[in-house]
Every structure is written in C-alpha cells, then in structure tokens.
C-alpha cells in the first residue's frame, strides 16, 4: 500500500482561501482519508485559515484519521506561533526556522 498523497498548501492562505480550504479538508476527512499537508510554499497566512487547519486536525483526530502539516514555511510557522496554535497544529515552536538548502 502506498503512502497517502501530500497536498501542497497554496502560497496565500487569506480569508478568501479559508472557505475553499475548509470544504476541501472536510471532504477529505468525510471520505475517511488521512490529511497530509505541505506548508513549504505558504508566504501569507491569516487567522481564518489557521482556525480551519486547527479545526480540521481536531476533526480528523476525533475520527482516528492522521493529520500532518509537514514542512511549514517560515511565514506559516511564525503565524502559527503568534496565534498560539503550535500545540493545536502539532508544529514545533522552531519549525520553519531551519530551511533545507
């Protein structure tokens, strides 16, 4: 069995992106699929999308589905920290500060 696909988050996760992100994540969770997100390309992120991500992670956990946010960009990791959502999104406090060459 192959590992689940990782979805690349868009560069801009602003208020406009929150609703489509919510729908996409909930659809995936409703299908019983694990959620694997790559945050390496995110350059702008707002609180609405962070709330969607945290809520989706909690919903996935309630359904015993895996939810991972891999390779958060520096901007994404910084905003997760500012919002106090490191624990809710299971992101290390220093994520995004050391980038691969």
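Things worth noting here:
- Output for the stretch 35-71, where each listed residue is closer than 19 Å to residue 15 by Cβ and touching a helix residue (DSSP H, G or I) at 6+ places or on another chain (Cβ under 7 Å): 39, 42, 43, 44, 45, 46, 48, 49, 50, 52, 56
- Among the residues here, residue 61 does not qualify as within 13 Å of the chain's Cα centre (by Cα), at pLDDT 95 or above and assigned to a helix (DSSP H, G or I).
- Residues being over 12 Å from residue 44 (Cα atoms) and over 12 Å from the mean Cα position of the chain (by Cα) - total across the stretch 67-92: 6
- Checked across the stretch 18-31, the condition of being assigned to a loop (DSSP other than H, G, I, E, B), exposed (fewer than 15 other Cβ atoms within 10 Å of the Cβ), at pLDDT 95 or above and in contact with a strand residue (DSSP E or B) (Cβ under 7 Å, 6 or more places away or on another chain) holds for no residue.
- Applying a threshold of 7 Å to beta carbon distances and a minimum spacing of six or more residues, or different chains, the list of pairs starting in the stretch 42-62 at a residue that is buried (at least 17 other Cβ atoms within 10 Å of the Cβ) and ending at one that is assigned to a helix (DSSP H, G or I) and at pLDDT below 95 is empty.
- Extreme residue, surrounded by the most Cβ atoms within 10 Å (Cβ to Cβ), among residues of the stretch 72-101 that are within 16 Å of residue 9 (Cα to Cα), in contact with a strand residue (DSSP E or B) (Cβ under 8 Å, 6 or more places away or on another chain) and modelled with pLDDT under 95: 89
The values are calculated or read from the model by the stated rules, or taken from the named source; none is laboratory data. Please read all numbers here as calculations on a predicted model, not as lab measurements. Heads up, the Cβs are rebuilt from the backbone with ideal geometry, glycines too, and the neighbour counts pull from every protein chain shown.
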